[in-house]
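Asks: Shown below is the structure under consideration.
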Amino acid sequence: MLSLENVVIYRDDKPLFQLSADVAKGEVLTVMGPSGAGKSTLLQAIAGQLQAPFSVTGQIKVNHVVINDIDVHLRKVGIMFQDALLFEHMTVGENIAFAMPDKAYKNKQLKHDAINTLLVAVELDGIADRNVNTLSGGQQARVSLIRTLASEPDVVLLDEPFSKLDVALRSQIRSWTFSQLKARNMPAVLVTHDKDDALAAGGNVIEIL
Amino acid sequence: MFTHITLVARWCLLLLLCIPVLAGLVGVIFPALGYFPAIGANAFSTQVFATLFGLPDIWQMMWLSLFTGVGSTLLAVIAAFCILATFYQSSLLGKIQGVLSPFLVFPHAAAAISLLFVVSPSGIFAAITTRLNAYFSHAFTSPFVNEISEMALPAANDGTLLYDGLGLSILIALSLKELPFILLMTLSVMSQPLVKKKLTGYVKVGTALGYSPTASFFKLVLPTTFSQIKLPLLAVLVFATSNVEIPLILGPNNPSTLAVAIMHWFNHIDLSMRLLASSAAVVQVAVSAVAVLLFLGTERLVTYIGKRSLSGGNRYFADGALRASGFVIMAFYIILICAVVYTVVVYSFAKQWHFPLLLPEGLTLLHWNTAISALTTPFINTLLLGVLVSTTSLILVLFTLESEQLQPARAVASNAFSVSLFLPLLVPGVAFLYGLVWFQQLIFQNAVWFHTYVAHMVYVVPYVFLSMAVAYRKFDNRYAMVAQSLGKTPWQVFYHVKLPSLFSAIMVAWALGLAISFSQYLPTLLASGGTIPTVTTEAVASVSGSSTRLTAVYVIIQAVMPLIGFMIAWYMPVIATRKRSRQMLVSGTHSNRSANPVQ
């Protein structure tokens, strides 16, 4: 689970907001607020990717371990943005394989099977060898989701991941995302403008100003 | 660990740019003040400067350097802005970039030699004029008067600009070479995502308020971008005041520009002339500084006048005249390029080519054979040096850029960094290179390859950095964030995500570094003490040699070498992409899903 204890985000030593919350496994915490309030900055603080002029105080704990001083790549905190951000020099399968932990699979065949299982879960079986540029927006969003899941994170951060999808696609991708997170028992933080997102997430909602 | 390595690279890059320049300056200041133990001069005095200013031609030399430098830069800047104002919103812009880009990598030496070919009294323009004169006299007078065509010859001779005492030939040649650089650099600033977005908006507002395209360029676009192109413009200016190749090949000899005189004095057999050369090198720094001040003064004046005209609300900005000159300048470039290509190529295959004939008498491969056998070693030297210099500067630059993102420096430090990046371009080469050589001879006398390598690095690194930085900073950092959050170390993110994504930009920067290294004349000549001949040094040397036709071959080789580098840079990414898609096709899963995506 994820715990935020007295987390304060600063911009140039000026506090933006203060926040305490617990997110249990399989739950989604939704953070809402106007643009510029620092929602994305909060996610970057949790992921360890905060950049000047921002800074953070307070404790960020994952499974009761303080992660404030752990290197970004060792935190096991996955992050997703409004763009799918698939690596264009890799195929769909390579994108997912790139995300998988080192030596998680004994041989190539097992890894290949694992990739396919993930793709099947979002109804994209058989596209592992496709170039990411040939995918539709909805397909890219789903690949991006399973790429994040493939890295087996302890926490998933969602930075307005549905805002660029058109309305018809949005609810579908949204329910896919939340059901996958729930199935894997992963805690998640969702940042959004959209009240429907918050409703669909079903967890606590925090509004920051 | 990787973060530390990139930090070290950042420092290496900084030291590599600063140490040679500063050491070089110290190395000329001491002899200029009379301290040069090698020839028994141990006492500091201002005697050398007194001797220098006692020379009858010294003021004329300084004037020539200042006049040609400032004049050419102002002319090139105005002409470049004319072209931009005329074409920046037109569909011809891409074509213009295409026409002018090769100039960027065409070495100065080759440019000067090409101009020498076409504007010389027996060059193609003179030949065409003579033929036209003859034709018209023929047509308008009588069919049997043949003498007139003979008489037209001296007139063409008188019209030549070469070696003129005023330095106009240098001024024009420098402008021709500077204009493409200024134009492309301005365009690259204008195409940065943030700037581009802002400018597009400005132009829309300008148009909506009824401002003509040229007026919106000068009143909205230029004031917004100028601060970003100022530093590169100053580098161009300093280069123009202190360049050696162009005045050496096209300029007057008695007196020459200060930079050419410095080179001759330094290379004089009489070692005591080095004192004089050193003091002149110090004066050269002052001349370039005066040029910079004049330029900045002009900028102030133009800004002041411009500010007042801004609120005047005039919707036009000499539209007709500017558009006309924009087209004329482009036409001039195209004619010049055609003339140069024709002359140089035909010369390289010509047996004999008599003035004023437009075709040679007979073709031969002799010059190519001669050149190829004579250039084998210089060619290998050029290539080896170029690949070594360009590849290492690229690695250093990439690590430095990565370090900027891993550990952003404070504002002051990053300003200091960008100034030091321009340091080798803002201090005249002819001034610090000799001092650098003096130090290098003191330390490792025999390591000529190392010395030449360092001298090249000083010039290549800034350009590779400037070229690479644009793409690197444009790169969407969220890709790096995603990769990191997938558990990848900074090195893995750099190697597996950033390098492949930026592959084409990296190859272009590499090719640019190669081209800059190929074109170096003075740094190669000095640092190697003449022991490492390259294609460029041989080409310059061949100008004073006997065979024009051999020189033509050298020019072609000089022009083609960097172009091959760029062709590799353009095709490598294409090949890489094709290879990937072929692998996908082979694996047989390329179904028709892409045509009918599941959503």
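Derivation of every value follows stated rules applied to the coordinates shown; laboratory data play no part. Please read all numbers here as calculations on a predicted model, not as lab measurements. Note that each Cβ is placed from the backbone with ideal geometry, even for glycine, and that neighbours are counted across all protein chains shown.
Asks: Assuming a ≥ b ≥ c are the square roots of the Cα gyration tensor eigenvalues, decide whether chain B counts as rounded (a/c under 1.5), prolate (otherwise, with a/b larger than b/c) or oblate.
Replies: Rounded shape, in that the Cα axes give a/c under 1.5.
Asks: Still on this structure, I have one more. Could you work out the mean count of beta carbons from other protein chains within 10 Å of each residue's beta carbon in A:78-91?
Replies: Averaged over the peptide's residues, the number is 5.
Asks: Dipole size in debye (nearest 20) for region A:3-81 around its Cα centre, Lys and Arg Cβ +1, Asp and Glu Cβ -1?
Replies: The calculated dipole for region A:3-81 is roughly 160 debye.
Asks: Applying 1/(1 + (r/R0)^6) with R0 = 35 Å to the Cβ-Cβ distance of B:Val205 and B:Phe439, what FRET efficiency is obtained, to the nearest 0.05?
Replies: 0.05
Asks: Using a cut-off of 26 Å between alpha-carbon atoms, which lysines can reach B:Lys177, once sequence neighbours fewer than 8 places away in the same chain are excluded?
Replies: Those lysines meeting the cut-off are B:Lys95, B:Lys230.
Asks: Which value, in Å to one decimal place, does the Kirkwood hydrodynamic radius take for the protein assembly as shown when every pair of different Cα atoms is included?
Replies: This gives a value of 30.7 Å.
Asks: How much length would be gained if the chain were fully extended between B:Ala411 and B:Phe332, taking 0.36 nm per residue of separation minus their Cα-Cα distance, in nm to one decimal?
Replies: 24.0 nm is the gain from fully extending B:Ala411 to B:Phe332.
Asks: Helix A:167-183 versus the longest principal axis of chain A: what angle, 0 to 90°, nearest 10, using Cα atoms?
Replies: 90 degrees
Asks: Another question, if that's okay. What's the center-to-center distance, using Cα atoms, between region A:34-100 and region B:428-447 in Å?
Replies: 50 Å
Asks: For A:132-144, what's the mean count of beta carbons from other chains sitting within 10 Å of each residue's beta carbon?
Replies: 3
Asks: Of all DSSP beta bridges in the protein assembly as shown, what percent run antiparallel (nearest 5)?
Replies: Of the beta bridges lying entirely in the protein assembly as shown, close to 60 percent run antiparallel.
Asks: Give, in nm to one decimal, the length gained when the segment between B:Ala286 and B:Leu563 is fully stretched (0.36 nm per residue of separation minus the Cα-Cα distance).
Replies: Length gained, B:Ala286 through B:Leu563: 96.1 nm.
Asks: Output the relative contact order of chain B, whole-number percent, from Cα pairs under 8 angstrom with separation of 6+ residues.
Replies: About 25 percent, as a whole number.
Asks: To make sure I understand the rule: partners must be lysines, Cα under 26 Å from the Cα of A:Lys106, and not fewer than 8 residues away in the same chain. Which ones qualify?
Replies: Correct list for A:Lys106: A:Lys76, B:Lys488.
Asks: Suppose R0 equals 25 Å. What FRET efficiency, 1/(1 + (r/R0)^6) with r the Cβ-Cβ distance, do A:Asp166 and A:Asp102 give to the nearest 0.05?
Replies: The value I calculate is 0.10.
Asks: Using a simple spin-label model with points 7 Å from Cα along the Cα→Cβ vector, what separation in nm is obtained for A:Asn204 and A:Ile70?
Replies: 2.1 nm
Asks: Using the basic label-point model (7 angstrom from Cα toward the beta carbon), what is the B:Ser311 to B:Gln228 distance in nanometres?
Replies: Between B:Ser311 and B:Gln228, the label points sit 2.8 nm apart.
Asks: In region B:449-569, with Lys and Arg counted as +1 and Asp and Glu as -1 at Cβ, which of these residues, B:Val543, B:Gln520, B:Pro462, has the Cα nearest the positive end of the dipole, that is, farthest along it?
Replies: Of the listed residues, the answer is B:Pro462.
Asks: Here's another thing I want to ask about it. In straight Cα distance, which lysines are under 16 Å from A:Lys195, not counting same-chain residues fewer than 8 positions off?
Replies: Cα-Cα hits under 16 Å: A:Lys39, A:Lys164.
Asks: Could you work out [θ]222 nm for the protein assembly as shown from helices alone, using -39500 (n - 2.57) per DSSP H run of at least four and dividing by all its residues? Round to the nearest 500 deg cm²/dmol.
Replies: Using -39500 (n - 2.57) per qualifying helix, the result is -21500 deg cm²/dmol.
Asks: Check every DSSP H run in chain B and write down those whose alpha carbon atoms cover 15 angstrom or more along the long axis and whose mean Kyte-Doolittle hydropathy is 1.6 or greater.
Replies: B:2-32, B:58-87, B:108-119, B:168-190, B:319-349, B:411-426, B:503-519
Asks: Just report the Cα centroid separation between region B:175-214 and region B:346-414, whole Å.
Replies: 31 Å
Asks: Could the peptides B:209-218, B:95-104, B:271-280, A:174-183 be put in order, highest first, of the mean number of other beta-carbon atoms found within 10 Å of their residues?
Replies: Order by mean packing, descending: B:271-280, B:209-218, A:174-183, B:95-104.
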